[in-house]
Amino acid sequence: MPISRSNIVYLVLLITAPLFAQNQFRLNKIKSFNVGVVVDPNASIKEKGLNRGIEVEYVKQIYTRISYTSFPTLTYGYTDLTGASGVNFTSGRHNRIRYYTGGRFGYIQRSTTKYPTVGLEAGIDYKINSFLLVGVRATNDKRNDFKIYRTTPEMRQSGFIKVGLTL
């Protein structure tokens with residue numbers, strides 16, 4: 001009995017459907033505690049310094065993170081302490097890919113003055129193995145620290161690369 005093209009298509013769908021089902025986009029249900037280091041490569045190259053930070057994060061359906069970033073090369077220096085919280089999604093076999101989006105809030109210190117900041121973020125993390133992860137994150141923050149230059153606060157986009165450990 002010859003195999004028709006439509007039967008081949010059905011056979012391929014029958015074999016691959018369970019494989020694709022394992023990779024579906026879904027709300028994250030795996031609990032983890034992550035510690036990481038981040039770098040903003042664009043700002044680091046532009047300002048000829050290293051904009052780096054550390055972060056601690058609790059992850060389940062909702063994530064909560066606190067991070068500290070330092071960029072001493074900038075005029076008047078720069079440090080921030082920022083909290084973030086939002087929703088997590090996952091895909092891939094063994095939940096290796098994490099997608100997240102949420103809000104950010106905190107303060108920026110320039111010289112001896114602290115300025116509030118608030119914004120949004122979105123990112124993707126990839127688990128290399130059960131302990132090591134890498135990720136990228138984009139942020140869009142209202143930065144009030146520009147008042148130090150006697151200018152109005154403005155929205156500023158940043159991008160970060162992360163290397164972390166899952167505990």
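A short reminder: the numbers here are calculations on the coordinates, not readings from a lab. Keep in mind the model is a prediction, meaning the values are calculated, not measured. Here Cβ is always computed from backbone atoms with ideal geometry, including for glycine, and neighbour counts include all displayed protein chains.
As an exercise, take the mean of 1/r over every pair of distinct alpha carbons in the chain, invert it, and state the Kirkwood radius in angstroms.
Evaluated over the chain, this radius sits at 17.9 Å.
Tell me, what ³J(HN,Hα) does each residue in region 103-112 have, in order and in whole Hz, if you take phi through Karplus 6.51 cos²θ - 1.76 cosθ + 1.60 with θ = phi - 60° and put x for Gly and Pro?
x, 10, 7, x, 9, 10, 10, 10, 6, 10
Measure nothing but the geometry: give the 0 to 90° angle between the long axis through the Cα atoms of 5-21 and the longest principal axis through the Cα atoms of the chain, rounded to 10°.
Its long axis makes an angle of about 40 degrees.
Could you work out [θ]222 nm for the chain from helices alone, using -39500 (n - 2.57) per DSSP H run of at least four and dividing by all its residues? Round to the nearest 500 deg cm²/dmol.
About -4500 deg cm²/dmol.
Nearest 20 debye, what's the magnitude of the dipole of region 26-146 about its Cα centre given +1 on Lys and Arg Cβ and -1 on Asp and Glu Cβ? Provide the component values of the computation, followed by the final result.
Details: 18 positive and 9 negative charges, 92 e Å.
It comes to approximately 440 debye.
Exceeding 32 Å between C-alpha atoms, which entries from my cross-link table qualify? They are Lys29/Lys114; Lys127/Lys147; Lys31/Lys147; Lys29/Lys162. Let's see the in-between values first.
Working: Lys29/Lys114 37 Å; Lys127/Lys147 40 Å; Lys31/Lys147 40 Å; Lys29/Lys162 22 Å.
In this structure, Lys29/Lys114; Lys127/Lys147; Lys31/Lys147 exceed 32 Å between Cα atoms.
Taking H as built 1.01 Å from N, whose amide H comes closer than 5 Å to the amide H of Asn28, not counting residues under 5 places away?
Distant-sequence amide H within range of Asn28: Asn88, Phe89, Thr90.
Let me check I've understood the local charge: for Lys127, count other residues with C-beta under 13 angstrom from its C-beta, Lys and Arg +1, Asp and Glu -1. What total comes out?
Cβ neighbours under 13 Å give a net charge of +3.
Explain nothing, just the number: relative contact order of region 25-166, from Cα pairs under 8 Å at least 6 residues apart, as a whole percent.
Reported relative contact order: 21 percent.
Long-range amide H contacts for Leu50: which residues qualify at under 5 Å (H placed 1.01 Å from N, peptide plane, sequence gap of 5 or more or a different chain)?
Counting only residues 5 or more places away or on other chains, the set is Thr73.
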